[in-house]
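Undergrad: The following block contains the structure, expressed as structure tokens.
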Amino acid sequence: MQQRIGICFSIRGLRFGFKFLTFIFLVSHFLFLKPVHAQTITIDQSIEHQTMRGWEVTARLWEFDKSADRYDGSWAPHIDKIMDALVDDGGINRVRIQVQSGIENPIDYWQQFVTGAIGYEAFKAHFYETFNDNDDPFSMNQDGVHFTSLNDQVETVLLPMKQRLEARGEKLFVTLTFVDFKWTQLRGDIALALHPAEYSELIVESFQHLQNKYGVVPDALEIILEPDNTDHWRGRQIAQAALAVKPRLAAEGFYPRLIGPSTAQARRTMRFFDEMQGTSNIRGLFDTLSYHRYDKNASQVLSAITEAARVNGLETAMLEYTRGSVDHLFDDLLIGEVSAWQQYGVARKIVDGVPSATNSYFLEVTVDGEQAQVALSRRARFLAPVFRVFRMGGVRVRSTSDVTWIRSVAVRNTDDSLALAMRLSRGGRFSVSGLPEGRYRVEATLANQERPTVIEVEVAGKVPLDLEAHDSGVVTVRSLL
């Protein structure tokens, strides 16, 4: 039986009551359900689009204290709160763990950094300093590679996420990403972009390390992060690396989805992809055509990326934009038809009102002595409602609108629940049609309210669901099984 505030009443075939949650206040001020002959959002489940592959974060907290030039592990006492908020409140179900080229080095600089032997600036100088372990790309010298930084990502972020998602009956999607930026002067004695066999050796060794130590096998391999920010990685090198690494991974029993080119700027994606296609035998090699959004007017090139993916049988993904907003998300879902999406890192720390980093992290942890309050960041507040209702493996179905101030996306999840997310640029009245008969959870996260408003309703027959919101924001509707 529903818990109700005030009265429960029936109108136009709808039975509904207001469900009070501890964080809800003044429900009627923010979201009304009433008969309104209004503009309509229409769902058509017979027309399908992309499959959802997850909402991603990079396994980063506030370990890099750049201003104090030191390692900061003060997240440790609060990690359970952080992970609970990330998975339950944030809806995150996908993680990117990174292998930097500098881990192939006889010296373990990460361990020196963590123990305080060196500061952040000294550690950063060695990020991409790569020394070939030996002259045989098929036999790794174990003293020439150090996985301590990868271990920390797995133990701090990946495993806690995995545990929480499995408790919910869900699976964590893991992407292993190679990073080889040009931003540091120390470069070592080998450029792995120019040596596909040596690149493959390091990647295969990373997969084996993750499996042997943690029982973790990445679901995807992102060949290189932001090749347009590297010295040598271009489309041809990306393709050659993929051609070299895929059969070697398969020989060891690993079959990850391959992702590329993951350019920093979306407008460069097609140039890199065309270069990749110019390499023989590439068709069928990749699974995901990926891009980042660090350029103005990125949305203008999404149609070209979507068409290239469709022609080549690929999915698309937007896999990093630190300033990513809910409007960017809707562009990427509707125009880019992305299967996965990432803002950036897990959490930043705030002490005495001073943040440890810019607002590019999904969570904000306000630390006061031994206590900490964890909250969604300003941007994540509007992203999370969408993430929570669109789950892994769900399929986007058609959702049309004659409401100029509302954009809508609908997904049929693997449990057959139907979810609809709407981005409102202002307040007003509207209707949703095409919802099957049943019970639904409606959640409104609006600009003029501090906390979301949640109600439960029943839809009878084919009667539309009529709503009114008093401000801009995000409204989601999900069927309750």
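Undergrad: So for the stretch 41-162, what are the equivalent ellipsoid semi-axes in whole Å, largest first, each being the square root of 5 times an eigenvalue of the Cα gyration tensor?
TA: 34, 22, 12
Undergrad: Can you give the FRET efficiency to the nearest 0.05 for Q277 and E437, using r as the Cβ-Cβ distance and R₀ = 56 Å?
TA: The calculated FRET efficiency here is 0.70.
Undergrad: How much length is gained if the chain between K182 and D471 is pulled fully straight, taking 0.36 nm per residue apart and subtracting their Cα-Cα distance, in nm to one decimal? Walk me through the numbers before you get to the answer.
TA: On the way: separation 289, 0.36 × 289 = 104.04 nm, distance 4.51 nm.
Result for the pair: 99.5 nm of gain on full extension.
Undergrad: Tell me the label-point distance for the pair Y255, K81, using the 7 Å Cα-to-Cβ offset, in nm and rounded to one decimal.
TA: 4.4 nm
Undergrad: I've got another one for you. To the nearest 10 Å², what's R187's accessible area with a 1.4 Å probe?
TA: For R187, the solvent-accessible surface is approximately 70 Å².
Undergrad: Once fully extended, how much extra length lies between V311 and S67, figured as 0.36 nm per residue of separation less the alpha-carbon to alpha-carbon distance?
TA: My answer for the length gained is 83.1 nm.
Undergrad: Using a 10 Å cut-off on Cβ atoms, rank the peptides 206-218, 464-476 from the highest mean neighbour count down. Display every interim value, and only then the final one.
TA: Values: 206-218: 16.8, 464-476: 21.5.
With the highest mean Cβ count within 10 Å placed first, the list reads 464-476, 206-218.
Undergrad: Taking every DSSP beta bridge that has both residues in the chain, what percent is antiparallel when rounded to the nearest 5?
TA: On the way: 61 of 102 bridges.
So the antiparallel bridges in the chain amount to around 60 percent.
Undergrad: Could I ask something else about it? So if each residue of separation counts as 0.36 nm, and I subtract the Cα-Cα distance between A125 and A375, what length gain in nm does that give?
TA: 86.7 nm
Undergrad: Calculated FRET efficiency, S401 and D108, Cβ-Cβ r, R0 60 Å, to nearest 0.05? Spell out each step's value before the answer.
TA: Numbers: r = 55 Å, r/R0 = 0.91.
Plugging the Cβ-Cβ distance into 1/(1 + (r/R0)^6) gives 0.65.
The values are calculated or read from the model by the stated rules, or taken from the named source; none is laboratory data. Bear in mind the structure is a predicted one, so any value in this text is a computation, not a measurement. Counting neighbours? That spans all protein chains shown, and the Cβs are built from the backbone with ideal geometry, glycine included. Calculation scope for accessible area: heavy atoms of the full protein, side chains included, ligands and nucleic acids excluded. Shrake-Rupley method; radii C 1.70, N 1.55, O 1.52, S 1.80 Å.
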